[in-house]
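The values are calculated or read from the model by the stated rules, or taken from the named source; none is laboratory data. The shown structure was predicted, so the numbers you read here are calculated from the model rather than taken from an experiment. Cβ placement follows ideal geometry from the backbone for every residue including glycine, while neighbour counts extend to all protein chains displayed.
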Amino acid sequence: MAAEFPGGRRVLAVVSNYGVEQDELVVPVEHLRDKGADVTVAATRRDAVQTLVGDKDPGKVVEPDTTLDEVDPTGFDLLLIPGGTINADNLRLQGKAMDVVRAFASSGRPIAAICHGPWALVEAGVAKGKTLTSYASVRTDLLNAGAASWVDEPVVSDASAGYPLVTSRTPKDLDAFLGEVDKLLAVS
């Protein structure tokens, strides 16, 4: 097992209660907890989060720690935005979730988004000037929102435009994604 993050780290994962891509939530949460991070999953409601595999097959059920309305994003070191088409579409309609995204970006704290998760960056108005990646169908939305460029790479890290951002395309890119997230959290 790799060393724990210095001083412990707090990570906030924001999700809707249905449609999160299973591995884009479960794998990062388990990985980060194994490394010593305190990970809080905030969902739209206190009900269990039903993940999906491939946007269609039922996956694991995850119990949220809190709700988007109850969570205070202050004091968290990183924001995790998993994908899943249904999750990402529902999440960007949640005003509180968009407030959380804006709070991280405006305070210069890192955000990590995968697959359709970058839709939240578009909706929150924080994609401008960023070089990033996502699921291919999100590309046009990101460019229309003012992203500097979209690249077809497993992972993209961009510390410009006010806050560090790590993005990836799909669950197949999780190893590269988590490697970059680890680098962000390892900084003391």
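Here are some notes:
Every residue, every condition in (1) at pLDDT 95 or above; (2) surrounded by fewer than 22 Cβ atoms within 10 Å (Cβ to Cβ); (3) within 14 Å of the chain's Cα centre (by Cα), yes or no:
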| site | (1), (2), (3) |
| --- | --- |
| M1 | no, yes, no |
| L12 | yes, no, yes |
| S16 | yes, no, yes |
| V26 | yes, yes, yes |
| A48 | yes, yes, no |
| D72 | yes, yes, no |
| L78 | yes, no, yes |
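- A103 in contact with a strand residue (DSSP E or B) (Cβ under 9 Å, 6 or more places away or on another chain) and either surrounded by 22 or more Cβ atoms within 10 Å (Cβ to Cβ) or among the hydroxyl-bearing types (S, T, Y) (or both): no
- Selection count where residues are within 14 Å of W150 (Cα to Cα) and touching a Lys or Arg at 6+ places or on another chain (Cβ under 6 Å), scope the stretch 117-132: 1
- Lone unmet requirement of (1) part of a loop (DSSP other than H, G, I, E, B); (2) surrounded by fewer than 20 Cβ atoms within 10 Å (Cβ to Cβ); (3) not aliphatic (A, V, I, L, M) for K60: (1)
- Residue within the stretch 39-48 that is among the basic types (K, R), in contact with a strand residue (DSSP E or B) (Cβ under 7 Å, 6 or more places away or on another chain) and not in a loop (DSSP other than H, G, I, E, B) present: no
- Pairing residues of the stretch 159-186 that are closer than 17 Å to T131 by Cα with residues that are in a helix (DSSP H, G or I), at Cβ distances under 6 Å and at least 6 apart in sequence or on separate chains, gives Y163/A105; P164/L184; V166/E180; V166/V181; S168/F177.
- Residue list for the stretch 28-46, restricted to those being polar (S, T, N, Q) and buried (at least 20 other Cβ atoms within 10 Å of the Cβ): T44
- Only one of the listed residues (G36, G8) is touching a residue at least 12 places away in the same chain (Cβ under 8 Å), in contact with a Phe, Trp or Tyr (Cβ under 7 Å, 6 or more places away or on another chain) and small (G, A, S). That residue is G36.
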